[in-house]
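In what follows, a single structure is set out as structure tokens and then discussed.
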Amino acid sequence: MSERYCQSCSMPIPEDSMLGTEADGSKSVDYCNYCYQNGAFTREITMEEMIEFCAPFMQQSQPGMSVEA
């Protein structure tokens, strides 16, 4: 099985329990539960704001990676 990544924040989604939900309650195959719930995004955020928010987490999970990268 290939690894899944949230199409909003790029977080790996290793378990179905981490998938977001559609308006009908079904699992979203594209987004994590932090970004997408009940068929809508959990916050209004620009791409630049999402990058600023996610960069420190990406740096922590990737040894040697800079925030700029």
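Values in this text are rule-based calculations from the coordinates and carry no lab data. Predicted, not measured: the structure shown is a model, and the values here were computed from it. Neighbour counts are summed over all protein chains in view; Cβ atoms, including those assigned to glycine, are modelled from backbone coordinates with ideal geometry.
Regarding C54, is this residue assigned to a loop (DSSP other than H, G, I, E, B), of a type outside the set (G, A, S) and surrounded by 15 or more Cβ atoms within 10 Å (Cβ to Cβ)?
no
Any idea how many residues of segment 11-21 are closer than 26 Å to E48 by Cβ and either surrounded by fewer than 14 Cβ atoms within 10 Å (Cβ to Cβ) or of a type in the set (A, V, I, L, M, F, W, C) (or both)?
Residues in segment 11-21 being closer than 26 Å to E48 by Cβ and either surrounded by fewer than 14 Cβ atoms within 10 Å (Cβ to Cβ) or of a type in the set (A, V, I, L, M, F, W, C) (or both): 5 in total.
Kindly indicate the residue of segment 22-39 that is surrounded by fewer than 13 Cβ atoms within 10 Å (Cβ to Cβ) and of a type outside the set (S, T, N, Q) and also farthest from the chain's Cα centre (by Cα) among those meeting that condition.
Residue satisfying both the conditions and the ranking: D24.
Between G20, G25, which is without any contact (Cβ under 8 Å) to a residue 60 or more places away in the chain, on the phi > 0 side of the Ramachandran plot and outside any helix (DSSP H, G or I)?
Among G20, G25, only G25 is without any contact (Cβ under 8 Å) to a residue 60 or more places away in the chain, on the phi > 0 side of the Ramachandran plot and outside any helix (DSSP H, G or I).
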